[in-house]
Amino acid sequence: MGERELLAALIHVAFVTNNASAERVADLGAPLLALEPPDPRHAHTPLPLAVNALAAAEHTAETVRWLDAVGRRIGHRDTDAETAVLRAERALVALSHGRIAEARRAVVPTGTAEEAQARASALCTAVQAIVTLHSDEPELAERLLTGNLSHHQDQYHAALLHMTRGLLAARRRHDLIALHHFRTAGERLERIGWSNPAVLPWSSRAALMHHRLGEQDRALAAARLEVEQARTWGAPSVEGRALVALGRVTPGRRGTELLAEAVSVLERSTNAHELCRALYAYGSREGVDGRRAADALERARELSVVTGADRVTRQIRGPAPRRDRAAARTHPVRGAGRQAGGRRTPQRGHRA
């Protein structure tokens, strides 16, 4: 293994174990891509792991240019595996910007699990599953993950499958079963030392199930754990997502303030999908005054259309959202009436 391949592997380990911040990962990863020739054969090295880490860090400008150069070099001699990895990498970048529909087109181009799975490596299968979870298709994610049992020999794919089955159980209101799956996903990741919620936000999902079951102390503990881990990582999309979960399980005015904080944090993110979800949670919260709620829901609707978040679009266009009764008083969201997309704060030229 060459020095650049070794650095890519080390970046991956630092990312998944949460032992380096998003900013540090970007400082290491962006120069790595600048030095690496854009060759499709990078698919057979650890470099795709560095691409994944950079996407999670929300530093993608150099990555996009590098992947575009790789794409221009794809030729008849390149294998299906190399093309599939490039698609997976582009999907990860699209996800970091919250472009759900674009990510899905990249990795499930036919719309069928069978054809997509047939040519997928373990890495590509994981990306396909993650994308379909973001596009609110846990049934498809489960089919992709169970299509090749060899993938389940590693802890991460097992955790991803438990996460998928937890989401399916939660949708069916089987809260205890869902909680078991989310907790098991967390245990699987803990066995290999992976503690970055950017990898799999199992703790916030467990918090929501504890909340449904009336286990308030456990709900708060699980949600606070993910906020702490997310702040260690430092990417706004991960912190904002964790704050949404904490806000949803926190009663009263404090919960409303946390949802407002989540929106504020996500205004600095490149991830329009997470901002959409935060705006929807805030606008649906009981206690937010009517105008602020309406403005937040309108922004959420606009973003849901832009990003391909079809479920949020359906929720907003359907009957009036049920207001979260945990809240009691109004708390303003700065910029809640701003144009869809919001303000972005670039970081040292790395943010796309």
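The values are calculated or read from the model by the stated rules, or taken from the named source; none is laboratory data. Everything numeric in this text was worked out from a predicted model, so none of it was measured. In this analysis, Cβ positions are derived from the backbone assuming ideal geometry, glycine residues included, and neighbour counts consider all displayed protein chains. Protein only, heavy atoms only, side chains kept; ligands, DNA and RNA dropped before computing areas. Shrake-Rupley method; radii C 1.70, N 1.55, O 1.52, S 1.80 Å.
When the Debye formula is applied to the Cα atoms of region 1-71, each taken as the same point scatterer, what base-10 log of I(q)/I(0) results at q = 0.25, 0.26 Å⁻¹? Debye intensities relative to I(0), on a log10 scale: -1.13, -1.22. Computed with a 1.4 Å probe over protein heavy atoms only, the accessible surface of region 178-286 comes to 33 Å² per residue.
For q = 0.22 Å⁻¹, what log10 I(q)/I(0) does region 171-217 give under the Debye formula with an equal point scatterer on each alpha carbon and no solvent? These q points yield log10 I(q)/I(0) values of -0.74. Note on region 185-250: with charges restricted to the Cβ of Lys and Arg (+1) and Asp and Glu (-1), its dipole about the Cα centre is near 140 debye.
Take the Cα atoms of region 142-288, build their convex hull, and give its volume per residue in Å³.
112 Å³
Going by average Cβ neighbours within 10 Å, how do the peptides 166-175, 239-248 rank, with the highest at the top? Display every interim value, and only then the final one.
Numbers: 166-175: 16.6, 239-248: 26.3.
Most protected by this proxy first, the peptides run 239-248, 166-175.
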